[in-house]
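Participant: Next up is a structure, given as structure tokens.
Only the coordinates and a few stated rules stand behind these numbers; no lab work does. What you are looking at is a predicted structure, and each value in this text was computed from that prediction instead of being measured. Using ideal geometry, Cβ is built from the backbone for each residue, glycine included, and neighbour counts are taken over all protein chains shown.
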Amino acid sequence: MLDALAAEGLLSDARYARAIVHRKAGSFGRRNIVEALKAAGVARQEIDAALAETEIDDEAALVALWRRRFGRAPTDEKDKARQVRFLQSRGFALSAILKLLRRSGDV
């Protein structure tokens, strides 16, 4: 059954990878997307092809997600830690997160 779907082009890793990249592109970092696809057993070449088709700007996605989720600078260290944990769980680099939070008064 699955072989028949794959032969008809209705089931493919390339289509799955494109769909996941498209769905996660605005809310997750590139690293998170790659790890999710690897965990699903998608070949690296399919992952790279899907990422190449979709322009993923981690910095823009990070800022947009931070604005949607928090929208304000952390008020104390506990709040800062909460924001950092959330953004890291979405696959963004710690250095990029800390840079954003340092300039969050300007964002």
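Participant: Rank the residues Thr54, Thr75 as a footprinting-exposure proxy: fewest other Cβ atoms within 10 Å of their Cβ go first.
Facilitator: Details: Thr54 12, Thr75 8.
Sorted ascending by nearby Cβ count, the order is Thr75, Thr54.
Participant: Out of Leu62, Ala43, Ile33, whose Cα points farthest toward the positive end of the dipole of the chain (charges: +1 Lys, Arg; -1 Asp, Glu; placed on Cβ)?
Facilitator: Towards the positive end, the residue furthest out is Leu62.
Participant: Follow-up question, since we're still on this one. Counting pairs on different chains as well as pairs 8 or more places apart, how many Lys pairs in the chain have Cα atoms under 27 Å apart?
Facilitator: Working: Lys24/Lys38; Lys24/Lys80; Lys24/Lys99; Lys78/Lys99; Lys80/Lys99.
Going through the chain pair by pair, I get 5.
Participant: With only Lys, Arg, Asp and Glu charged, each at its Cβ (+1 for the first two, -1 for the last two), find how big the charge dipole of the chain is about the Cα centre; round to the nearest 20 debye.
Facilitator: Details: 20 positive and 15 negative charges, 147 e Å.
My answer is approximately 700 debye.
Participant: Can I ask one more? How do Glu46, Glu77 rank when sorted from fewest to most other Cβ atoms within 10 Å of their own Cβ? Walk me through the numbers on the way to the answer.
Facilitator: Details: Glu46 17, Glu77 8.
The order, fewest Cβ neighbours first, is Glu77, Glu46.
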